[in-house]
1. Across the range 1-50, what is the number of residues that are touching a helix residue (DSSP H, G or I) at 6+ places or on another chain (Cβ under 9 Å), in a helix (DSSP H, G or I) and either within 24 Å of Gly108 (Cβ to Cβ) or not basic (Lys, Arg) (or both)?
2. Would you check if Lys143 is modelled with pLDDT under 90, basic (Lys, Arg) and over 15 Å from the mean Cα position of the chain (by Cα)?
3. Taking Tyr27 and the conditions (1) under 13 Å from the mean Cα position of the chain (by Cα); (2) among the hydroxyl-bearing types (Ser, Thr, Tyr); (3) surrounded by 11 or more Cβ atoms within 10 Å (Cβ to Cβ), which numbered condition does it fall short on, given that it satisfies the others?
4. Enumerate the pairs (first residue in the range 89-107 and charged (D, E, K, R); second residue anywhere and in a helix (DSSP H, G or I) and surrounded by 13 or more Cβ atoms within 10 Å (Cβ to Cβ)) with beta-carbon separation below 8 Å, excluding pairs fewer than 6 apart on the same chain, so at least 6 apart or on different chains.
5. Would you call Asp52 touching a Lys or Arg at 6+ places or on another chain (Cβ under 8 Å) and within 25 Å of Asn116 (Cα to Cα)?
6. Inspect all residues belonging to the range 12-24 and state whether any of them is buried (at least 19 other Cβ atoms within 10 Å of the Cβ) and of a type in the set (D, E, K, R).
7. Step by step: first the residues of the range 55-79, then only those that are hydroxyl-bearing (Ser, Thr, Tyr) and part of a strand (DSSP E or B), then the one that is surrounded by the fewest Cβ atoms within 10 Å (Cβ to Cβ). Which residue is that?
Amino acid sequence: MSFVKIWVHLVFATKNREPLLNKEFRYDLFEHIKKNSKEKDIYLQSINGYTDHIHSLISLGKDQTISKISQLIKGESSFWINKNGLAKEKFSWQDDYFAVSVSESQAGKVVNYINNQEIHHTKKTFNNEVDEFISKYGWKLVKDL
């Protein structure tokens, strides 16, 4: 039997970072993603977000990859939003995402950070947050040539 616990802070945005996740359905969306994740054996510890993006803390299973988890969550949730007519226009997520590993000792802090997204984004835009993550983790932003 394999025992695996790999925490990942996964963040993805709406297409073109449009502010489409309004309060009228944002929390229903999070509940739907939680339920769907459980059905797909995705261990989702925490999820929250703001008008243009979602943060989640997941633990990868032994046969799971970040790209597959992201694809499952984003694909099914955009289908659900469109099927239920929850967005004013056709909804989709950006193709990209960012993910960073989280140590067991820091998982609680990440959950707190995720749970406080609305408060956090009264002071800072998602673009500012992305720039901070890029700087903090030393990522290079690669643009299509």
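1. The qualifying residues number 6.
2. Spelling it out, Lys143 is indeed modelled with pLDDT under 90, basic (Lys, Arg) and over 15 Å from the mean Cα position of the chain (by Cα).
3. Evaluating Tyr27 over (1) under 13 Å from the mean Cα position of the chain (by Cα); (2) among the hydroxyl-bearing types (Ser, Thr, Tyr); (3) surrounded by 11 or more Cβ atoms within 10 Å (Cβ to Cβ) leaves (1) as the failure.
4. Sorted first by the residue in the range 89-107, then by its partner, the pairs are Lys90/Asn82.
5. yes
6. The answer is no; no qualifying residue exists.
7. Ser59
The values are calculated or read from the model by the stated rules, or taken from the named source; none is laboratory data. On a predicted model such as this, the values are computed, not experimentally measured, just so you know. Using ideal geometry, Cβ is built from the backbone for each residue, glycine included, and neighbour counts are taken over all protein chains shown.
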